[in-house]
Amino acid sequence: MQRTCKRTLSAFLAMLLICAYAALVPVGAQDAEPLLEITANTHRVHRNETLTLSVNTDDPVTWSSNDEGIAVVSDTGVVKGIAIGSAIITVQTKDQKRSAEFTVNVVRPSRFWRDLLEKKSILGYRYNYDGDYYYTDDVDCWQKYFGFNFIYDTIAPLYWIEYDYVRVFFTYEGKDWMVQMWKGQYGLVFYGSEIGVYNKPEGKSTASLIAHYGAATDEPDIKIGNTMYRQNARSGEYEMEYTHPYDTHWWNAGFIPGHLRRTGRCDELRTVSHITLKDEQMAALFAEGLDECGFRAVRKMEAVGNDSYYRSGKDVYLQWQDISQGVNTHVTQTVFWGGVAMNGFFLLLILGFILMLALAVVGGGAFLLFLI
């Protein structure tokens, strides 16, 4: 009887161990094979060039692309970039038990100046292949020494720069602060958007032509992220053009090669921004300035829409598209004189002509004196 009880107890304990093991280890885990091993899941390839992907397996595999309009892949894992964009390349064993995915970003063809600007800053500007945009490297750029003066926007149209701007003024910690946003056409080559943060000692001349603001370069707590959209001419929808990542910035700016369909008011562009100020008080003052410019406050971030913002603590999320003719806002346009655009190029031509005329007069007078 005692021996029978021991056997029964042993069997019961063995059954408990088996049940516990079954509960902790998924069915088939003992026989499951590991996922396909890959070295990296994100890659870049220039348009019309190729890239070879690989996996660590001896089993036969198949390759496929989720968008062959962007990138195609051969049976051996050779990817060719077709158009700018992103595609998912999937590799799978023929028994369909294991697979892996690669994200392939197809970017513009390699060019010397783009390669150079991707690696280092030149005159304060750099290039991002993955986002296909030029941007300001504001960590240590020469522009910080010039800060901001209102005359900059005044003379901008002379160089065929046409943009909308919004200026937000407030006083905080004994300083006059200005956060300015721009979007529009920058000369004949680029369009884009900017956000700059500036300050100066507190004083009376806050928004006059003689007021000069310094770049807020020594404010590591101030961060800016900005995404620009452009309206599709056919669908009317706004499509993303670039995203300049959220990080410590005093000047967040990005530019796309090209020209807008119309000049003047730049509602063809829309910006969606995330700005972090030093503390809640500063963010509240900034929000009051947005109210004054015509922006509308909403109660949750999901409700942020056209020309509105949401504030949470020291963070402000805003979208800007149409505001350009309210308080502290403006539309800059090229100045015309006699039907001729007075941009920097024509000014140089006119100045050159005046100089040549003056030299001719002086030279002619000297020649007459020589004859006498």
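Structure notes:
- All aspartates and glutamates inside 15 Å of Lys80 as judged from Cα atoms, apart from same-chain residues fewer than 8 positions distant: Glu49, Asp67, Glu68
- Residues with amide H under 5 Å from that of Tyr242, placed H, sequence gap 5 or more: Met228
- Enclosing the Cα atoms of the range 64-189 in their convex hull gives a volume equal to 201 cubic angstrom per residue.
- For Phe190, residues with placed amide H under 5 Å, excluding near neighbours: Gly258
- Residue by residue, the range 312-324 carries 3J(HN,Hα) couplings of 9, x, 9, 9, 10, 10, 9, 10, 10, 9, 9, 4, 7 Hz when phi is fed to the Karplus relation 6.51 cos²θ - 1.76 cosθ + 1.60 (θ = phi - 60°); x denotes Gly or Pro.
- Where labels lie 7 Å past Cα in the beta-carbon direction, separation of Thr206 and Asp115 in nm: 5.2
- Karplus-derived HN-Hα couplings along the range 137-149 (A = 6.51, B = -1.76, C = 1.60, θ = phi - 60°), whole Hz, x at Gly and Pro: 8, 7, 5, 8, 9, 5, 4, 5, 6, 9, x, 9, 10
- As an equivalent ellipsoid, the range 42-107 spans semi-axes of 21, 10, 9 angstrom, where each value is the square root of five times an eigenvalue of the C-alpha gyration tensor, largest first.
- Entries in Lys120/Lys223; Lys120/Lys175; Lys119/Lys200 that, when Cα-Cα distance is taken, lie over 26 Å: Lys120/Lys175; Lys119/Lys200
- Ordered by the number of other Cβ atoms lying within 10 Å of each residue's own Cβ, fewest first, Arg262, Arg299 fall into the sequence Arg299, Arg262.
- Relative exposure of Ser54, Ser65, Ser86, judged by other C-beta atoms within 10 Å (fewest first): Ser54, Ser86, Ser65
- With a Förster radius of 41 Å applied to the C-beta separation of Glu219 and Arg44, the computed FRET efficiency comes to 0.75.
- Amide hydrogen proximity for Ser86: with H placed 1.01 Å from N in the peptide plane, the residues at 5 or more positions away or on another chain lying under 5 Å are Val106.
- Extension gain from Asn56 to Asp279, taking 0.36 nm per residue of separation minus the Cα-Cα distance: 75.3 nm
- 3J(HN,Hα) along the range 231-242: 6, 6, 5, 8, 7, x, 7, 8, 10, 5, 9, 6 Hz, from the Karplus curve 6.51 cos²θ - 1.76 cosθ + 1.60 with θ = phi - 60°, whole Hz, x for Gly and Pro.
No value in this document is a laboratory result; all are computed from the given coordinates. Predicted model, so just to flag it, every value in this text is computed and none were measured. Don't worry about glycine lacking a Cβ; one is built from the backbone with ideal geometry, like all the others, and counts go over all protein chains shown.
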